[in-house]
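The values are calculated or read from the model by the stated rules, or taken from the named source; none is laboratory data. On a predicted model such as this, the values are computed, not experimentally measured, just so you know. All Cβ positions, glycine included, derive from the backbone under ideal geometry; neighbour counts span all protein chains shown. Note: areas computed on protein heavy atoms with side chains; ligands, DNA, RNA excluded. Shrake-Rupley method; radii C 1.70, N 1.55, O 1.52, S 1.80 Å.
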Amino acid sequence: ATRRTGHRSVRGAPAVVLPGSALGGAWLSPPAATEAAAGYTMDLYRDGAFASQETKERCVGGALQIMTNLMRSPMDTSVPTQRRLWSLAAKLHGPMEHVVGPVGEARALTTLGFGRYEVRVYRSRSAALAAAVTAIRRTERPAILLVWWGAHSWVLHGFRASADPLLHPGATVTGYYISDPWYPRVSTIWGRSNPPDTLDSPALLAHSFIAWTRPDGRYPGWDGNWLVVEPIAPDGHWWRFA
């Protein structure tokens with residue numbers, strides 16, 4: 001199947017503007033996914049959407065900036081906007097979070113008008129990835145994976161599969177399109193980060209997408225599970241086991 005990237009046409013009403021920033025603009029329609037004898041490909045990435053996180057600690061700001069750039073036009077990769085996104089997530093983070101994390105990301109995206117996002121908790125990696133891929137396909141919006149035991153955020157914006165997972169739930173996913181705000185840094189634990197819009201193998205996801213285990217305290221309901229900041233249909237719940 002052929003990979004589709006690049007600029008996307010405008011659709012719908014403008015997103016909510018983050019006070020004091022240029023964030024906002026028009027919603028974008030996703031590029032057409034492709035289906036061929038070789039399988040099914042969907043990738044929401046657009047050239048120029050990537051933003052590297054400003055500091056080693058603030059992946060939330062970088063991930064949110066990539067997410068918003070994939071869903072609106074014009075794109076904004078400026079540091080001041082990334083700081084404002086991080087601050088919004090910090091303001092909205094959940095009461096049981098010891099640091100800014102997935103609840104802040106989900107609430108920030110929802111507050112900014114990019115559709116409803118929720119923290120979804122899964123008891124296995126395979127279930128989390130299957131749900132994330134299906135959600136991206138259904139809503140045509142990207143998701144965030146909480147990788148590195150929950151310490152870091154990757155933007156998942158596409159995939160390759162043996163068939164359309166929305167029509168064929170048993171389809172095999174052969175690759176995941178990831179943009180890592182850590183890039184171009186090198187981690188002493190995880191190694192060199194991949195460039196934006198890299199097609200990661202299931203094996204690489206298994207190496208990095210590890211069950212939530214944080215040293216800063218206990219997270220009832222999250223510990224030992226896999227978390228996704230997931231685009232949700234209007235009838236979803238705030239966060240739940242799936």
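Calculate the translational D of the range 135-224 in whole µm² s⁻¹ from Stokes-Einstein, where the hydrodynamic radius comes from the Kirkwood formula applied to all Cα pairs, the temperature is 4 °C and the viscosity 1.567 mPa s.
91
If you add up the charges near GLY224, with Lys and Arg at +1 and Asp and Glu at -1, over every other residue whose beta carbon is less than 14 angstrom from its beta carbon, what do you get?
+3
Taking only protein heavy atoms into account and a 1.4 Å probe, give the accessible area per residue of the range 150-191 in Å².
39
Probe of 1.4 angstrom, ligands and nucleic acids ignored: what's the accessible area per residue over the range 82-127, in square angstrom?
Each residue of the range 82-127 exposes 41 Å² on average to a 1.4 Å probe.
So, with a 1.4 angstrom probe, what is the percent of accessible area on the range 81-153 that is carbon and sulfur?
Taking all protein chains in place, the range 81-153 shows 54 percent carbon and sulfur surface.
Please go through the range 178-221 and write out the trypsin sites (Lys or Arg not before Pro) that DSSP classes as loop and that have at most 12 other C-beta atoms within 10 Å.
ARG218
Quick one: dipole size for the range 72-219, taken about the Cα centre, charges +1 on Lys/Arg Cβ and -1 on Asp/Glu Cβ, in debye to the nearest 20.
Approximately 260 debye in magnitude.
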